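Everything below concerns the one structure shown next.
The values are calculated or read from the model by the stated rules, or taken from the named source; none is laboratory data. No experiment lies behind these values; they were computed from the predicted model shown. Reconstructed Cβ throughout: ideal geometry from the backbone, glycine too, with neighbour counts over all protein chains shown.
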């Protein structure tokens with residue numbers, strides 16, 4: 001009761017926080033700290049479990065996502081969740097701390113970035129700050145399901161495998177349905193190590209993704225908005 005009273009005085013409300021971290025000791029540490037702060041915690045140990053637990057109907061308020069997961073890249077998982085309609089803000093946890101790593105995390109739909117080792121109190125403060133902002137509305141991309149562990153996309157009737165680069169390009173575009181996603185945003189998501197790629201290479205990858213979408217009868221495709229970027233239509 002005292003903890004709840006303290007939270008009310010601070011103007012905070014309890015949240016449901018999803019934590020995806022393969023290191024059990026870190027997952028427990030973060031989970032206990034969040035619970036002590038008055039929040040509920042839903043834990044996942046890899047990307048596959050995160051997709052099952054943190055979907056759009058999970059009601060999580062904030063996600064804490066490790067990037068180095070055993071079955072997939074946390075950035076790919078985040079993009080898949082975004083494409084499925086999950087709009088909760090995301091804090092990435094990672095040992096990677098380069099500029100390109102941070103930029104690729106934001107391009108993948110992340111809202112904040114905390115490097116390991118980290119101070120737990122700072123992480124909790126960042127989670128609560130994101131929770132206070134609330135979640136934006138995000139329409140669901142009908143007809144497509146992205147699988148970051150297998151780098152695959154499927155419809156109700158068929159599935160096709162993508163290369164990691166193709167998957168990240170598609171995920172970056174589908175994570176913002178109806179919006180024009182700028183070319184530089186797609187490039188940052190597709191090449192997280194900061195590679196320099198030509199315009200022809202980008203367009204070639206987009207054509208390959210379009211072909212694969214058509215092969216599974218996708219109800220949507222990728223439109224090129226000349227001079228700007230790409231949009232799901």
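Taken together, 76, 57, 61 contain a single residue that is surrounded by fewer than 17 Cβ atoms within 10 Å (Cβ to Cβ) and at pLDDT below 95, which is 57. Scanning region 83-92 for residues that are farther than 16 Å from residue 177 by Cβ and outside any loop (DSSP other than H, G, I, E, B) turns up 90, 91, 92. Do you know which residues across region 21-41 are assigned to a strand (DSSP E or B) and either modelled with pLDDT under 95 or surrounded by fewer than 18 Cβ atoms within 10 Å (Cβ to Cβ) (or both)? Passing the criteria: only 40.
Residues checked against (1) assigned to a loop (DSSP other than H, G, I, E, B); (2) closer than 27 Å to residue 191 by Cβ; (3) without any contact (Cβ under 8 Å) to a residue 60 or more places away in the chain; (4) in the same structural domain as residue 169 (by TED's automatic domain parsing):
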residue: 19; (1), (2), (3), (4): no, no, yes, no
residue: 50; (1), (2), (3), (4): no, yes, yes, no
residue: 55; (1), (2), (3), (4): yes, no, yes, no
residue: 58; (1), (2), (3), (4): yes, no, yes, no
residue: 64; (1), (2), (3), (4): no, yes, no, no
residue: 71; (1), (2), (3), (4): yes, yes, no, no
residue: 77; (1), (2), (3), (4): no, yes, no, no
residue: 81; (1), (2), (3), (4): no, yes, yes, no
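Within the option set 128, 122, being more than 18 Å from residue 189 (Cβ to Cβ), modelled with pLDDT of 90 or more and surrounded by 13 or more Cβ atoms within 10 Å (Cβ to Cβ) holds for one residue only, 128.
Conditions tested, residue by residue: (1) under 14 Å from residue 170 (Cβ atoms); (2) more than 18 Å from the chain's Cα centre (by Cα).
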site: 188; (1), (2): no, no
site: 201; (1), (2): no, yes
site: 204; (1), (2): no, yes
site: 208; (1), (2): yes, yes
site: 215; (1), (2): yes, yes
site: 230; (1), (2): yes, yes
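When every residue of region 132-144 is checked against the conditions, at least one turns out to be surrounded by 15 or more Cβ atoms within 10 Å (Cβ to Cβ) and modelled with pLDDT of 80 or more.
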